[in-house]
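Just so it is clear, none of the values below were taken in a lab; they were calculated from the coordinates. Quantities reported herein were computed from a predicted structural model and do not represent experimental measurements. Here the Cβ positions follow ideal geometry from the backbone for every residue, glycine too, while neighbour counts run over all protein chains shown.
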Amino acid sequence: MTYTTVDKTSPIPLYLQLAEILQQHIDSGELAQGDPLPSERVLRETYDVSRSTVREAVLHLKQKGTVETRRGSGNFVKVIPTVDRDLLGIHDFDVQIEQGGHSNQVQILHFTEEHHSSRVSQLLQVEPDAPLIKVTRLRLADGEPLFIEKIYLASARFPHMKREDFSNTQVFTKKIIQDYGMDIDEVVIQLEPILLNRKEIENLGVKRHPAAGLLNERTTYNKRGEPIVFSKWVFSSNRCRHMLKIKAK
């Protein structure tokens, strides 16, 4: 439901109506990330509501993660880190996050060994009934969810891989190269716009449904041209900008 004014005859609580109005201003960009919210006095006078209604509305937005309070300064639209991703860059994503001035965290959501779809098996060039290691990780920048990463490996190629091997991308890459002798030579990337599903919306902390996202599918090959890792990265549309830099020959 869209509100432009507060309807005092509506069964919807006034603070929720006011919170929705402010959320609409944020979603439209009229109130951008880092902008201060209108003062309590301005909101009271503009929408003819009480001080308690304004405070409840702001508290509601804070609980949703849309607004933050800065001590001594007031209430602001929360800044959600946006990371620029160089698709053709030589550095891995962890390095790019840190070069952008952000802290980098990894949260492992699932670690299983299972049989998977024929498509994933075909991409990894293994038999359809061959067991695969599947790892789902939540990648964060400055403590905010950035994207969901699903990693698939052929169990036969990577025996003894453990959950903790995926807790850090540098450790994971080093283990592939040093312990298993898989020198990474090429990555093939496919991008596709998607609508996020309920679980993705929950994990990424998206406040709106439906929500647009970007699927980044990546197949990593070794120097012999063999596929060794297939992964799916799922981004919320407002968390990352993907960049291509192409030079003329």
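Look at the alpha carbon pairs under 8 Å that are at least 6 residues apart: their mean separation over the length of the stretch 14-77 gives a relative contact order of 41 percent.
Sorted largest first, the principal axis extents computed over the alpha-carbon atoms of the stretch 14-77 equal 27, 26, 20 Å. Backbone amide hydrogens, once placed in the peptide plane, bring residue 78 within less than 5 Å of 34, 67, 68, excluding anything fewer than 5 places away on its chain. Treating the angle as unsigned and between 0 and 90°, give the value, to the nearest 10°, between the Cα long axis of helix 14-28 and the longest Cα principal axis of the chain. Taking Cα atoms only, the helix is inclined about 50 degrees.
Would you mind ranking 64, 175, 223 so that the residue whose beta carbon has the fewest other beta carbons within 10 Å leads the list? Walk me through the numbers before you get to the answer.
Numbers: 64 13, 175 18, 223 10.
Taking fewest neighbouring Cβ atoms as first place, the list is 223, 64, 175.
Cβ crowding within 10 Å ranks 229, 187 as 187, 229, fewest other Cβ atoms first.
Normalised by the number of residues in the chain, the average gap of Cα pairs under 8 Å and 6 or more apart makes the relative contact order 16 percent.
Measuring how big the chain is from its alpha-carbon positions, Rg and Dmax come out at 22.6, 71 Å. Scoring 132-143, 8-19 by mean Cβ neighbours within 10 Å over their residues and listing the highest first yields 132-143, 8-19.
Annotation for residue 123 and residue 7: the two label points, set 7 Å from Cα along the Cα-Cβ direction, are 4.6 nm apart. Over the C-alpha atoms of the stretch 109-235, the Rg to Rh ratio, Rh being the Kirkwood estimate, stands at 0.97. Each of 46, 219 was scored by other Cβ atoms within 10 Å of its Cβ. Listed from fewest to most, they are 46, 219. Taking the alpha carbon gyration tensor of the stretch 166-225, multiplying each eigenvalue by 5 and rooting it gives semi-axes of 32, 16, 6 Å, largest first. Over 22 Å between C-alpha atoms is what I'm after, so list which of 174/232; 62/150; 64/134; 78/207 land there. From the list (174/232; 62/150; 64/134; 78/207), the Cα-Cα distance tops 22 Å for 62/150; 64/134.
So if we plug the beta-carbon distance of residue 179 and residue 110 into 1/(1 + (r/R0)^6) with R0 = 25 Å, what FRET efficiency do we get, rounded to 0.05? Once the sixth-power term is evaluated, E becomes 0.65. What the Cβ-Cβ distance of residue 167 and residue 188 gives, at R0 = 25 Å and to the nearest 0.05, is a FRET efficiency of 0.45.
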